[in-house]
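Only one structure is covered here, and it is reproduced in the block below.
Derivation of every value follows stated rules applied to the coordinates shown; laboratory data play no part. Here the structure is a predicted model, which is why all the values come from computation and not from measurement. No Cβ is skipped: glycine too gets one built from the backbone with ideal geometry, and neighbour counts run over all protein chains shown.
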Amino acid sequence: MTFDAIDFRNALGCFATGITVVTAQTADQQPLGVTINSFSSVSLDPPLVLFSLARVGGHCQEFISAGKFAVNVLAQHQRSLSDRFSMARDNRFEGIDYELGGNGCPVFPGSLVVFECETFEVHDGGDHAVFICKVTHVMAGEEEPALIFHRGQYHEL
């Protein structure tokens, strides 16, 4: 049986995920951010997480160069952040409330949790780079429902 890229993408959409915005700083201290739902835990000892980022159009090389990240796990009320950071636009941070975390990466108030990380390894994942990151700090945030994505739409728990 064969399938095409659309069939494969639709099949992957059957797996419900949370939504994160991964942030970093460029070499000239400009904030970077992109919406990611390919986030997962890897290891408790050492504490590792992963996310993948498209090699084209997602500032991949800038994230590789940054070496430090904040993974902001979004709450339901942060849907606008998910939308904003998933679209191509010149200044995604313009007018957005954020602060710099301990590792210098943007952190969004109201997130469920923020994982501050540094690059552990980056692997080739076809048209994506797979970032395995060592967690250096965890900031627990809000206790409310997570922003969920399933079959191309947002959902509530």
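Which value, in debye to the nearest 20, describes the size of the charge dipole of the stretch 12-152 about its Cα centre when Lys and Arg Cβ atoms bear +1, Asp and Glu Cβ atoms bear -1, and nothing else is charged?
Rounded to the nearest 20 debye, it is 320 debye.
Given points 7 Å out from each Cα along the Cα-Cβ axis, report the ASN91 to THR119 separation in nanometres with one decimal.
It is 2.8 nm.
Are there cysteines in the chain with no second cysteine's Cβ under 4.7 Å away, and if so, which?
CYS14, CYS60, CYS105 - these cysteines have no disulfide-compatible partner (Cβ-Cβ under 4.7 Å) in the chain.
In what order do VAL34, VAL21 fall by count of nearby beta-carbon atoms within 10 Å, going from fewest to most?
Going from sparsest to densest Cβ surroundings: VAL34, VAL21.
Ranking request for peptides 81-92, 97-108: highest mean number of other beta-carbon atoms within 10 Å first, then the rest in descending order.
Taking the mean over residues of other Cβ atoms within 10 Å, the ranking is 97-108, 81-92.
If Rh is defined by the Kirkwood formula over all Cα pairs and Rg also comes from Cα, what ratio Rg/Rh do you get for the stretch 12-152?
Result for the stretch 12-152 is an Rg/Rh of 0.92.
Could you work out the helix-only [θ] at 222 nm for the chain, with each DSSP H run of four or more residues adding -39,500 (n - 2.57) and the total divided by the number of residues, to the nearest 500 deg cm²/dmol?
Mean residue ellipticity at 222 nm (helix-derived): -4000 deg cm²/dmol.
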